[in-house]
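Undergrad: Mind having a look at this structure? Questions to follow.
The values are calculated or read from the model by the stated rules, or taken from the named source; none is laboratory data. Nothing here was measured: the structure is a model prediction, and the numbers come from that model. All Cβ positions, glycine included, derive from the backbone under ideal geometry; neighbour counts span all protein chains shown. Heads up: the accessible areas ignore ligands, DNA and RNA and are worked out on the full protein's heavy atoms, side chains in. Shrake-Rupley method; radii C 1.70, N 1.55, O 1.52, S 1.80 Å.
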Amino acid sequence: MPIFRDVLVRLSESGTLRRVATHAPGARTMARRFVAGETVEDGIAAARELNAAGIRVTLDNLGESVGTRDEARAAADTYLAMIRRIVEEKLDANVSLKLTQMGHDIDEAFMRDNVGRVLDLAREHDMFVRLDMESSAYTQRTLDFFRKLWDEGYRNVGIVLQSYLKRTAEDARVANERGARVRLCKGAYVEPPEVAYQEKSRVDENFVGVTRTLLEAGTFPGIATHDPAMIEATKRIAHERGIRKDAFEFQMLYGIRRDLQAELVRDGWGLRVYVPFGDAWYPYLMRRMAERPANLFFIVNAVLRESPLRFLMSNGKR
Ligand code: FDA
């Protein structure tokens, strides 16, 4: 299965497939299971519903690796609109963004201006902004950029660390010393053995080790996983160390393991759900399929239900 996963993650980077998939019949239905919709208002509506169920939200305007300044500027503008709407609606929500969406591949100073606009408005409203972590080609650049922001005095910003990376235990210690907020996840990209553990058991072991580091000495960490074993390990560490339920939060993705989400809330654990919206859903969706190939069958089924092929087939049967 890891090979299948690698193929899907690599396909997530294909521009041609992205164009074909985005315009394919049934595409919207297919995305809808994991993506809240296409507009800011769709994201806000999903956030409202989750908040009503006792779940905090981080809102994400889908997009990454943008190639033009106009696209990057427009993405930053959408984040400003999201922040304003979150404030107007008094939602329990913050935002997550990707630096390549803000122009990281175009020019660092330009990207900094875009991110700065988002951080400044968020700070005015006491809102937190998470810098999502992308592939290992960006790890050092993202952490360096984060350190710059921190040194400039921004405190409403945090990072993501991935337990498949061998460097993560050290990065977590540095973040703790600084008092920075970390989201810990396993990691969603295909990485070489030089930098990343390849076996699930090593990734999981590191996840538990880093969770311990973050719970013991971190600042309101986000433990981002749908893996029941990781969730149990986190609860166990919290219990053993007498760490209060409000000292950290679990995080999950929109539409994934809603049963576990409900269970955590029922038991009084803090939970934040990552709510993506927008039309640039293709790479995001491919990574979700790579994590759980069964999602592929779910999606194919959804597409077939809407597609002209099914229409023809059902006509043929009559
Ligand atoms: P794992 O993949 O080992 O799966 C364990 C179990 O969880 C599965 O058996 C299944 O039950 C369930 N599950 C997992 N994924 C599923 C899916 N797609 N559909 C249905 N069930 C699924 N990555 C990254 O590189 N950078 C980032 O910034 C982020 N940000 C982020 C935020 C949040 C809130 C979450 C929850 C995740 C991320 N990720 C991420 C993604 C993360 O790295 C990882 O790829 C996924 O969370 C899947 O890993 P799990 O820990 O869930 O376990």
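Undergrad: State whether one or more residues within segment 39-54 are farther than 11 Å from residue 276 by Cβ, in a loop (DSSP other than H, G, I, E, B) and within 17 Å of the chain's Cα centre (by Cα).
TA: Scanning segment 39-54, I find no residue that is farther than 11 Å from residue 276 by Cβ, in a loop (DSSP other than H, G, I, E, B) and within 17 Å of the chain's Cα centre (by Cα), so the answer is no.
Undergrad: Examine segment 258-267 for a residue that is more than 9 Å from the ligand (Cβ to nearest atom), open to solvent by less than 50 Å² (accessible area, probe 1.4 Å) and not aliphatic (A, V, I, L, M), and state whether such a residue exists.
TA: yes
Undergrad: For segment 176-192, indicate whether the set of residues that are in a helix (DSSP H, G or I) and β-branched (Val, Ile, Thr) is non-empty.
TA: No - not one qualifying residue is present in segment 176-192.
Undergrad: Oh, and also: Would segment 42-53 turn up any residue that is under 30 Å from residue 200 (Cβ atoms) and surrounded by 15 or more Cβ atoms within 10 Å (Cβ to Cβ)?
TA: Yes, some residue in segment 42-53 is under 30 Å from residue 200 (Cβ atoms) and surrounded by 15 or more Cβ atoms within 10 Å (Cβ to Cβ).
Undergrad: Quick check on my filter: what residues within segment 86-125 are open to solvent by 10 Å² or more (accessible area, probe 1.4 Å), assigned to a helix (DSSP H, G or I) and under 17 Å from residue 181 (Cα atoms)?
TA: Across segment 86-125, the qualifying residue is only 123.
Undergrad: Looking only at segment 210-247, count how many residues are more than 23 Å from residue 128 (Cα to Cα), exposed (fewer than 13 other Cβ atoms within 10 Å of the Cβ), in contact (Cβ under 8 Å) with a residue 24 or more places away in the chain and over 19 Å from the mean Cα position of the chain (by Cα).
TA: Number satisfying all stated conditions: 2.
Undergrad: Right, something else. Criterion first (within 12 Å of the ligand (Cβ to nearest atom) and in contact with a helix residue (DSSP H, G or I) (Cβ under 8 Å, 6 or more places away or on another chain)) does residue 197 satisfy it?
TA: So residue 197 does not fit the description; no.
Undergrad: Collect the residues in segment 126-168 that are open to solvent by 20 Å² or more (accessible area, probe 1.4 Å), touching a strand residue (DSSP E or B) at 6+ places or on another chain (Cβ under 8 Å) and either part of a helix (DSSP H, G or I) or among the β-branched types (Val, Ile, Thr) (or both), keeping them in residue-number order.
TA: Once the filter is applied, which keeps residues that are open to solvent by 20 Å² or more (accessible area, probe 1.4 Å), touching a strand residue (DSSP E or B) at 6+ places or on another chain (Cβ under 8 Å) and either part of a helix (DSSP H, G or I) or among the β-branched types (Val, Ile, Thr) (or both), segment 126-168 yields 143, 150.
Undergrad: If a residue must be at pLDDT 95 or above, in contact with a helix residue (DSSP H, G or I) (Cβ under 7 Å, 6 or more places away or on another chain) and open to solvent by 30 Å² or more (accessible area, probe 1.4 Å), how many such residues does segment 170-194 contain?
TA: 3
Residue-by-condition table, conditions (1) touching a Ser or Thr at 6+ places or on another chain (Cβ under 8 Å); (2) away from the ligand (no atom under 14 Å from the Cβ); (3) among the aliphatic types (A, V, I, L, M); (4) modelled with pLDDT of 75 or more:
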position	(1), (2), (3), (4)
45	no, yes, yes, yes
50	no, no, yes, yes
66	yes, yes, yes, yes
73	no, yes, no, yes
